[in-house]
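Coordinate-derived values only; no laboratory data. Since we're looking at a predicted model, the values are computed, not measured. Don't worry about glycine lacking a Cβ; one is built from the backbone with ideal geometry, like all the others, and counts go over all protein chains shown.
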Amino acid sequence: MPELPEVEVVRRGLARWVRGRSIKTAEVLDARSVRRHAAGAEDLRANLEGAVVLDAVRRGKFLWMPLRGEGEQPTAPPTQALMAHLGMSGQLLVEDSHQPDEKHLKVRLVLGEAHDADGTPLPAELRFVDQRIFGGVFLSRLVPTPDGQPGGLAETPLPLVPEEAAHIARDPLDPAFSRDAFHAALRRRKTGLKRALLDQGLVSGIGNIYADEALWAARLHYARATDTIRRPETERLLDAVQDVMARALDAGGTSFDSLYVNVNGASGYFARSLNAYGREALPCPRCEEQGLATLIRRESFMNRSSYTCPVCQPRPRNGRW
Ligand SMILES: [Zn+2]
C-alpha cells in the first residue's frame, strides 16, 4: 500500500509533467479500473476529452487533478476533479506514445503538446497502470472546504475539495494543518495514541509504518491515553511524524527527475532507515547508542503489528488500546 510520501512523489510528478495540459483523448482499456465512476466509462471519457488539468492536489493519500471542462471559463472555479486512487499497485506513468503499452495498462490519456523550459517536448501520455485492480480513476465533484482553507497540498491552492475526500482530516504536511486543533481533538478522544494516529477523521495519511516510526522517535507508547496527552508531547509527536515523512520524501525524490511517476519511489527508504517498524528482536538504535542492548518488541494491534522499544517507550499504567 503506498504511504503518504509515495503519493506525494506522484503528486509532484503530475504537477511537473501534466499540470496545465489539455486532455486530447481518453481511452479506458479495462472498465474495472473506472468502476468508481458511477456514470460509466463512456461518461468518464466524454468528460475528460477537451478538459484541461489545472493542478495536482493531495490530502492524506487522496490525490486529485482539478479540471477545467471544455467550454468552461478560465476564470470560473473548477467544478470537478479527476481522482486517482492508487490502491495496492496503481501507478501513474508519463510516457511517450511510442513506448509499448504496459501489460496492465488500464487507462490512457493523450495530452496536448507541451514543452519544458528549453523547448524539449514533454511526453504525450499519462497512463494508469494497475496490476491488482484495487485502484482506479473517476470524476468527483469539487465542493468548498468548510474552513475556507485550500483543499490540500497543491501548486496553486484553491479552497475546494472533492466530495470523496471531504470527510478526511488534513495531513501533517498540509500547510493548513492546525496543531492547536489536532491537540484539542486528541484530548477530547478517549482512545489510544496509535489508534488516534490511524484515524483518518483526526489526521490523515499516517499508516501503520509511519505511526510506529513516529511513536518511537517521540518516545511515546502506542497505548498512551489520548485524553492525558500534554501539549509538549503532541508537539514532539507531530515533529516526529513530519520528520519521518520528510526523510521518506527525500529518499523517494530520485524519481522526480525521470519521466517516470512511480508510487514505489520511496520504497528504498523502508529497507534502509526504519528504526522500529519491522525490526522485531533487533536492537533499538537509540538504546544501542547508549550502550544498552534493548530489543524491539512486536505486538498484535488492530489485526496488524506494533513495534516498540520497551525502554524508550514504556507501557503506560492506564493505557488505552
Ligand atoms: Zn530504545
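Within the set of other residues whose C-beta is less than 15 Å from the C-beta of residue 70, count the net charge using Lys and Arg as +1 and Asp and Glu as -1.
On the way: positive: 21, 24, 45, 68; negative: 43, 49, 72.
Neighbourhood net charge equals +1.
What is the packing order of peptides 281-293, 234-246, 91-103, 46-58, taking the mean over residues of other C-beta atoms within 10 Å and listing the highest first?
Details: 281-293: 13.2, 234-246: 18.8, 91-103: 14.9, 46-58: 21.8.
My ranking of the peptides, most packed first, is 46-58, 234-246, 91-103, 281-293.
So what does log10 I(q)/I(0) come out to for the chain at q = 0.11 Å⁻¹, using the Debye formula with one equal point on every Cα and no solvent?
Normalising to I(0) and taking log10 leaves -0.73.
Looking at the square roots a ≥ b ≥ c of the eigenvalues of the Cα gyration tensor of the stretch 4-165, which shape do they give, rounded for a/c under 1.5, prolate if a/b is larger than b/c, or oblate?
Details: a/c = 1.36, a/b = 1.16, b/c = 1.17.
Note, shape of the stretch 4-165 comes out rounded.
Using a cut-off of 29 Å between alpha-carbon atoms, which lysines can reach residue 194, once sequence neighbours fewer than 8 places away in the same chain are excluded?
Cross-link targets: 61.
With Cβ to Cβ distances under 14 Å as the rule, what net charge do the other residues near residue 173 carry (K, R +1; D, E -1)? Can you show the working numbers first?
Details: positive: 11, 12, 58, 59, 61, 170, 179, 247; negative: 3, 6, 8, 171, 174, 239, 243, 250.
Residues close to residue 173 contribute a combined charge of 0.
For the stretch 88-117 and the stretch 1-47, what is the separation of their Cα centres, given in Å?
Answer, in whole Å: 10.
For the Cα atoms of the chain, what angle does the longest principal axis make with the long axis of helix 208-218, in degrees from 0 to 90, nearest 10?
Roughly 50 degrees, rounded to the nearest 10.
Dipole of the stretch 4-165 (Lys/Arg Cβ +1, Asp/Glu Cβ -1, origin at the Cα centre): which of 74, 87, 15 lies farthest to the positive side?
Of the listed residues, the answer is 87.
Can you work out the FRET efficiency for the pair residue 317 and residue 88, with r the C-beta to C-beta distance and R0 = 35 Å, to the nearest 0.05? Mind dumping the intermediate values first?
Values: r = 39 Å, r/R0 = 1.12.
With a Förster radius of 35 Å, E is 0.35.
Let's test the formula: R0 of 41 Å, r as the Cβ-Cβ distance of residue 39 and residue 273. What FRET efficiency results, to the nearest 0.05?
Values: r = 45 Å, r/R0 = 1.09.
According to the calculation, E is roughly 0.40.
Is the C-alpha gyration tensor of the stretch 1-90 telling us rounded, prolate or oblate? Criteria: a/c under 1.5 is rounded; beyond that, a/b larger than b/c is prolate, otherwise oblate.
Since a/c reaches 1.5 but b/c is at least a/b, the shape of the stretch 1-90 is classed as oblate.
With 10 angstrom as the radius, rank 24, 190 by how many other C-beta atoms surround their C-beta, starting from the fewest. Kindly include the intermediate steps, with their values, before the conclusion.
On the way: 24 15, 190 11.
The most exposed by this proxy come first: 190, 24.
Could you work out how far apart the two model spin labels at residue 176 and residue 134 are, taking each label as a point 7 Å from the Cα in the direction of the beta carbon, and quote it in nm?
If labels sit at residue 176 and residue 134, their model points lie 2.9 nm apart.
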